[in-house]
Amino acid sequence: MNEQNYPRFERLHVLRTAALVSIRDRAFDTLTILLDGYSDGIFCGCRPLATNDLLTLSTGLILHNGFPYMIREPMSVEYAPTEEYMTLKMIFEPTLETENFTQRNVALILSSDVSIADNELELCRFKLKKGAVLRTNYVDFRDRSTEFDTVNMINVPHAAIGGSTLSPEITTAFATEARDYELDGLDFDFCMTALRGETMSASQIALYIEHRLKTELPAVDNQNLYDGLSAVLTEIKSGGRREVAGSRRRRREIIVD
């Protein structure tokens with residue numbers, strides 16, 4: 001028999017050890033069960049935003065070595081122009097055991113080393129010129145890979161079934177730009193899925209790119225997925241904009257007797 005015990009919260013009712021254990025299990029184990037099978041990476045939130053001299057990570061949820069880290073408050077780090085790539089990383093510190101808690105602490109650092117250690121996770125990278133402003137908003141899909149003065153989140157791993165993948169923000173941006181052009185059935189199905197704003201697996205994105213371009217990706221990683229989507233978008237745009245009924249203004253006719 002699988003017992004399902006729910007603590008009763010009533011006035012003047014003493015919560016005994018068994019009830020507190022049940023609360024603990026439901027609070028922590030439920031989330032772990034729901035995320036079972038997901039890869040390491042950002043599950044939701046955790047978007048970098050730039051101000052004058054601070055890079056701030058928003059609240060969210062990150063998976064690392066199967067453990068969910070809840071970022072309950074924004075985290076910030078100072079930045080300055082260096083004209084070389086700087087990588088914003090989350091550092092997962094060693095677990096600390098105390099009498100009452102198991103501590104799993106995280107920290108933010110900016111590093112000129114773009115390689116990622118086992119206890120690190122990339123959150124973005126950028127190359128900032130002196131006197132320039134660091135941007136976190138983009139003109140179009142290709143602007144996300146602009147070399148200078150632009151926050152690049154292409155290589156940031158997002159948690160998904162079967163392995164890390166591109167941010168849903170990137171796939172949604174692709175679909176948002178592509179939908180104004182003529183789409184075939186494969187394009188339409190992919191864009192409809194992407195526009196839901198949900199994380200798409202790397203294999204799902206790769207399958208679309210390889211069928212659309214009739215070529216095999218050299219490797220299924222974030223950079224190749226982004227480059228593949230960029231190539232597909234170029235082909236889609238070459239087909240011309242989509243005609244929408246009623247979108248054209250009727251020409252005014254002047255009749256002279």
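Neighbours of Thr136, meaning other residues whose beta-carbon lies under 13 angstrom from its beta-carbon, give a summed charge of +1 when Lys and Arg score +1 and Asp and Glu score -1. Neighbours of Ser145, meaning other residues whose beta-carbon lies under 13 angstrom from its beta-carbon, give a summed charge of 0 when Lys and Arg score +1 and Asp and Glu score -1. By other beta-carbon atoms within 10 Å, ranking Met75, Met192, Met90, Met153 with the fewest at the front produces Met192, Met75, Met90, Met153.
Phi angles across the range 145-161 convert, under the Karplus curve 6.51 cos²θ - 1.76 cosθ + 1.60 with θ = phi - 60°, into 3J(HN,Hα) values of 9, 4, 5, 9, 6, 9, 5, 9, 10, 4, 8, 6, x, 10, 5, 7, 5 Hz, Gly and Pro given as x. In a DSSP loop and with at most 15 other Cβ atoms within 10 Å, the trypsin sites (Lys or Arg not before Pro) in the range 120-152 are Lys129, Lys130.
Phi angles of the range 77-91 translate, via the Karplus equation with coefficients 6.51, -1.76, 1.60 and θ = phi - 60°, into HN-Hα couplings of 8, 6, 9, 8, x, 10, 6, 9, 5, 10, 10, 7, 10, 9, 9 Hz per residue; Gly and Pro are given as x.
Of the GluC sites (Glu not before Pro) found in the range 24-129, the ones in coil according to DSSP and having at most 15 other Cβ atoms within 10 Å of their Cβ are Glu83, Glu84, Glu99. Sparsely packed loop sites in the range 177-212 (the trypsin sites (Lys or Arg not before Pro) outside DSSP H, G, I, E and B with at most 13 other Cβ atoms within 10 Å) comprise Arg196. Once you have the Kirkwood Rh of the range 168-238 from its Cα pairs, apply Stokes-Einstein at 25 °C and 0.890 mPa s and quote D in µm²/s. Calculated translational D: 206 µm²/s. Taking amide H as placed 1.01 Å from N in the peptide plane, the amide H of Cys124 sits under 5 Å from that of Leu88, each at least 5 places away or on another chain.
Bear in mind that the values in this text are calculations on the coordinates, not laboratory data. All values reported here derive from a predicted model rather than from experimental measurement. We place every Cβ from the backbone using ideal geometry, glycine too, and count neighbours over all the protein chains shown.
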